[in-house]
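Chemist: One structure, pasted below without further comment.
Values quoted throughout were computed directly from the atomic coordinates according to the rules given, and no laboratory measurement underlies them. In this text, all values refer to a predicted model and were calculated from it rather than measured experimentally. FYI the Cβ positions are ideal-geometry reconstructions off the backbone, even for glycines, and counts take in every protein chain you see.
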Amino acid sequence: MHPVSGASTATPTRRSWRLSADAEPDRPDRAVVLRLVLGSTLMLFLELALIRWLGSNVVHLSYFSNFVLLGSFLGIGLGFLIARRSWSVLPGVPVVLAVLVIATYAAPVTIDRAGDQIIYFTSLNTTGPPAWVVLPLIFVLVAAVLAGPAEVVGRCFAQLRPLTAYRWDLVGSLIGIVSFTLLSFLGAPSVVWGVLVAAAFTVLAVPRHRLLTVVAGAAINTVLLLETITPGNSWSPYYKVHTRDLVVDGVPLVDISVNGVPHQVMRSAQQRLKEEPQYSKPYLRTPGNPLRNVLIIGAGSGSDVAIALSKGAGHVDAVDIDPRIMEIGVQRNPDRPYDDPRVTRHVNDGRAFLETTDTRYDLILFALPDSLALVTGASQIRLESFLFTEQAIAAARAHLTPDGAFAMYNYYREDWLIDRLAGTAEAAFGHVPCVDKVGGGQAVVTAALDESKQSCDGVHVASSTVIAPATDDRPFLYYQGGPIPMLYLGALGGILLISFIAVRALGGPLREMRPYADLFFMGAAFMLLETKNITTFALLFGTTWLVNALVFAGVLLIVLAAVETTRRFRTPPLPVVFGGIAASLAVCYLVDPAWLLALPVLPRLVVAVLLAFVPIYLANVAFSKRFAASDDSRAAFGLNLLGAMLGGCLEYFALLTGYANLLVMVAVLYLLAFLLTPRKKGSLVAV
């Protein structure tokens, strides 16, 4: 830590900006604004880059990317608290980032994911320290890294009016998310991310620390360059993809792994049918199926498509969420299935495709659609979570012809999961499906629309008590039920303890932050509200990276609109605004997302946007009014971000309550924020 050079540490005074919202527009120092925007852009870009990069190199961290997000929130909150001090962490942050990148690349870790409470698809053995060590350590290092750019933004906050500072912070955040989304679209490798991050740190560094920043940036990008030029490495919007050529028993194969986990093996359809009997089962169990039109969800590199064509399929709609995996199939699959004129490729989420197509199929296959990542760092929803709910299987049934059948197969690992999926199919089709256990946890579940047109090898009998189907509100197929797994609770407990110690050490006595307790609870409530909206949009429009990026950008735009409203117009008193928040949350709670799925896409989008963004807008009007009246914008904003970290932890309760009931928790948190709002003379309520 070093003394700060050239940065004001003066605390904003009440006289400086206890002006009405109408007087908020001003002419801020352009240099300060530019530095704030760059710092804020770096914060969000670096946060997204760390979620992607760490998830691709710490094997199975992609299942826990929420921990990286929580570390980011802690770091940003601490950065704002540090901005009130005379010393700086910024000079050392690039060095910490270099240590994190080098150590992660040189000594990869496979997080322990053993046990059957929650299933993680993998065939790798655990290496390195256990999760309860790895996750908190990554959490601490991420927090340390994000504290640097946050400190820069915090010091700029001290030189601007609160809402002016917040406005430009949001502009920088939008630039950060748009930039990273564009790079994802272009398939840019990690070294491009590293170069941009290093350049931003260099610009933000004071002259006497610039050499150290350049050296650290060079070290980071040397590692990322080595990763980029490694033969077979490429990036999709979801994973780091690695391909390698193998020869097994004289047969050439192409092995595809993602984020360090084996994912797919490309071989000819003839070889696959000969060596892996599960791929023949859907066709054997429906012998009279005409196969005029086939839908394959999870088409990937094309092996299942090639098998369908070899069985005489007249037309195949091949759907996969990952454009890079499908592109590899186009280039390297030995059967060249994607070159066949009978095949139409669709890069889309499987559930979203089902909800938007009017086509009916003779066979619908869910072909190993197991993702190895979460939808975003802010949710526990996996990319395929909404594909295996009872509503999704019912949607598949609704798209079958009278001769049609549905099948799904995978390496399910656990008998309870096979039984659960069989029970889900039985509930959707009204009769017992065919269940073929192939060994090693592999199984095929096949159900014909007309029971008389399926030919089972015996009647399936569950091996244990059958767990109820997953639902759109609780889309946790791989969660067996019961209490929240200790893997999560232990890591979250460590995170909260570390956070408390760090806030106490850097923020001073907690009583000094007591005036902003309401902003803390606003942060927690907003994080939960954002998470609930992300999951709802994922259900309604798909879990693709583009949908998620648009939702995040939309949230930032709505927040910016709320700030501009508060800056330029006189808004209602806080009790009225909080009343509006309560009313909008009640409407959201009462409207079942399933009702929206029945609407055409455009009306569905309009209604979904209104339901999601009205409470977000009102919540940020309330925050903006309160923030504008704060005596210390840095402490206020930092505590709000720390509250968001608590909200991220509370999201795990969705495992027990479902996502709809998170809105009840959101309402309680906003009620606490309202009750804790200062009400002395000249206080916020009078603004």
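Chemist: Just the Kirkwood number for the stretch 220-261, please: inverse of mean 1/r across all distinct Cα pairs, in Å, one decimal.
Modeler: On the way: mean 1/r = 0.0869 Å⁻¹.
Hydrodynamic radius (Kirkwood, Cα only) of the stretch 220-261 equals 11.5 Å.
Chemist: Mind pulling the angle between the C-alpha long axis of helix 517-541 and the longest principal axis of the chain? Nearest 10 degrees, somewhere in 0 to 90.
Modeler: Around 30 degrees separate the two axes.
Chemist: To continue, here is another question. Amide H neighbours of His315 under 5 Å, at least 5 residues apart or on other chains, H built in the peptide plane: list them.
Modeler: Amide H neighbours of His315, under 5 Å, 5+ apart: Asn293, Val294.
Chemist: Which of Lys240/Lys281; Lys281/Lys453; Lys240/Lys437; Lys240/Lys274 have a Cα-Cα distance over 25 Å? All intermediate terms of the calculation are to be shown ahead of the outcome.
Modeler: Numbers: Lys240/Lys281 32 Å; Lys281/Lys453 14 Å; Lys240/Lys437 32 Å; Lys240/Lys274 31 Å.
From the list (Lys240/Lys281; Lys281/Lys453; Lys240/Lys437; Lys240/Lys274), the Cα-Cα distance tops 25 Å for Lys240/Lys281; Lys240/Lys437; Lys240/Lys274.
Chemist: Let me ask something else. How much of the calculated P(r) for the stretch 512-661 lies past 22 Å, in percent of all Cα pairs?
Modeler: On the way: 4725 of 11175 pairs.
Of all Cα-Cα pairs in the stretch 512-661, 42 percent lie more than 22 Å apart.
Chemist: Would you calculate, for the chain, the mean residue ellipticity at 222 nm contributed by helices, counting each DSSP H stretch of 4 or more residues as -39,500 (n - 2.57) and dividing by all residues, to the nearest 500?
Modeler: Working: 24 runs with 369 residues, N = 687.
After summing the helix terms and dividing by residue count, I get -17500 deg cm²/dmol.
Chemist: Now for a different question. Counting Lys and Arg as +1 and Asp and Glu as -1, each charge on the Cβ, what is the dipole of the chain about the Cα centre in debye, to the nearest 20? Intermediate results must be reported in sequence, preceding the final value.
Modeler: Working: 52 positive and 49 negative charges, 609 e Å.
With only Lys, Arg, Asp and Glu charged at Cβ, the dipole is about 2920 debye.
Chemist: In degrees between 0 and 90, to the nearest 10, how far off the longest principal axis of the chain does helix 323-332 point, with axes built from Cα atoms?
Modeler: Around 40 degrees separate the two axes.
Chemist: Which is farthest toward the positive dipole end of the stretch 462-608 among Tyr478, Pro575, Thr535, measuring Cα position about the Cα centre, with Cβ charges +1 (Lys, Arg) and -1 (Asp, Glu)?
Modeler: Of Tyr478, Pro575, Thr535, it is Pro575.
Chemist: A follow-up question, please. Figure the gain on full extension for Ser463 and Asp339 (residue separation times 0.36 nm, minus the Cα-Cα span) and round it to one decimal in nm.
Modeler: Numbers: separation 124, 0.36 × 124 = 44.64 nm, distance 4.30 nm.
So the extension gain works out to 40.3 nm.
Chemist: What is the angle, in °, between the Cα long axis of helix 190-204 and the longest principal axis of the Cα atoms in the chain? Nearest 10 is fine, range 0 to 90.
Modeler: Helix 190-204 sits roughly 0 degrees off the main axis of the chain.
Chemist: Here's a follow-up. Taking neighbour counts of Cβ atoms within 10 Å as a proxy for exposure, in what order, fewest first, do Thr104, Thr230 appear?
Modeler: Numbers: Thr104 19, Thr230 11.
If I rank by nearby Cβ atoms, fewest first, I get Thr230, Thr104.
Chemist: Could you give me the ³J(HN,Hα) list for the stretch 174-185, computed from phi with Karplus coefficients 6.51, -1.76, 1.60 and θ = phi - 60°, whole Hz, x at Gly and Pro?
Modeler: Values per residue, Gly and Pro as x: 4, 4, x, 6, 5, 4, 5, 5, 4, 5, 5, 4 Hz.
Chemist: Compute and list, largest first, the equivalent-ellipsoid semi-axes of the stretch 190-243 from the alpha carbon gyration tensor, each √(5λ) rounded to a whole angstrom. Working shown, then result.
Modeler: Numbers: eigenvalues 151, 25, 5 Å².
Value: 27, 11, 5 Å, ordered largest first.
Chemist: When the convex hull of the C-alpha atoms of the stretch 417-494 is computed, what volume per residue in Å³ does it have?
Modeler: Values: hull volume 8.7 nm³, N = 78.
Hull volume normalised by residue count: 111 Å³.
Chemist: Something else now. Can you tell me the relative contact order of the stretch 453-612? Whole percent, Cα pairs under 8 Å, sequence separation 6 or more.
Modeler: Reported relative contact order: 15 percent.
Chemist: A further question follows. At 4 °C and 1.567 mPa s, what whole-number value in µm²/s does Stokes-Einstein give for the translational diffusion of the stretch 169-266, with Rh from the Kirkwood sum over Cα pairs? Walk me through the intermediate numbers first.
Modeler: Details: Rh = 15.8 Å.
Estimated via Stokes-Einstein, D reaches 82 µm²/s.
Chemist: Let me ask something else about it. Find the Cα radius of gyration of the stretch 288-343, compare it with 2.2 N^0.38 Å by division, and give the number to two decimals. Walk me through the numbers on the way to the answer.
Modeler: Details: Rg = 10.6 Å, N = 56, 2.2 N^0.38 = 10.2 Å.
Output field value: 1.04.
Chemist: Roughly how compact is the stretch 303-371, stated as its Cα Rg over 2.2 N^0.38 Å to two decimals? If you can, show how the numbers build up before the last one.
Modeler: On the way: Rg = 11.7 Å, N = 69, 2.2 N^0.38 = 11.0 Å.
Its radius of gyration relative to the 2.2 N^0.38 Å reference: 1.07.
Chemist: Would you mind pulling out the separation of the Cα centroids of the stretch 536-570 and the stretch 617-657, in Å?
Modeler: 16
Chemist: Further, regarding this structure: What Kirkwood radius, in Å to one decimal, follows from the Cα pairs of the chain? Mind dumping the intermediate values first?
Modeler: On the way: mean 1/r = 0.0379 Å⁻¹.
This gives a value of 26.4 Å.
Chemist: Whose amide H sits under 5 Å from the amide H of His460, counting only residues 5 or more places off or on another chain, with H placed in the peptide plane?
Modeler: Under 5 Å from the amide H of His460: Val435.
Chemist: Taking the stretch 559-601 as the region of interest, what is the percent of Cα-Cα pairs per 10 angstrom bin, listed from the shortest bin to the one with the maximum distance?
Modeler: All Cα pairs, binned at 10 Å, distribute as 23, 33, 28, 17 percent.
Chemist: Under the 0.36 nm per residue contour assumption, what length would be gained going from the current alpha-carbon distance of Glu275 and Glu414 to full extension? Could you put the intermediate results ahead of the total?
Modeler: Details: separation 139, 0.36 × 139 = 50.04 nm, distance 2.22 nm.
Full extension from Glu275 to Glu414 adds 47.8 nm.
Chemist: What whole-number value in cubic angstrom gives the convex hull volume per residue for the C-alpha atoms of the stretch 247-348?
Modeler: Working: hull volume 10.1 nm³, N = 102.
About 99 Å³ per residue, rounded to a whole number.
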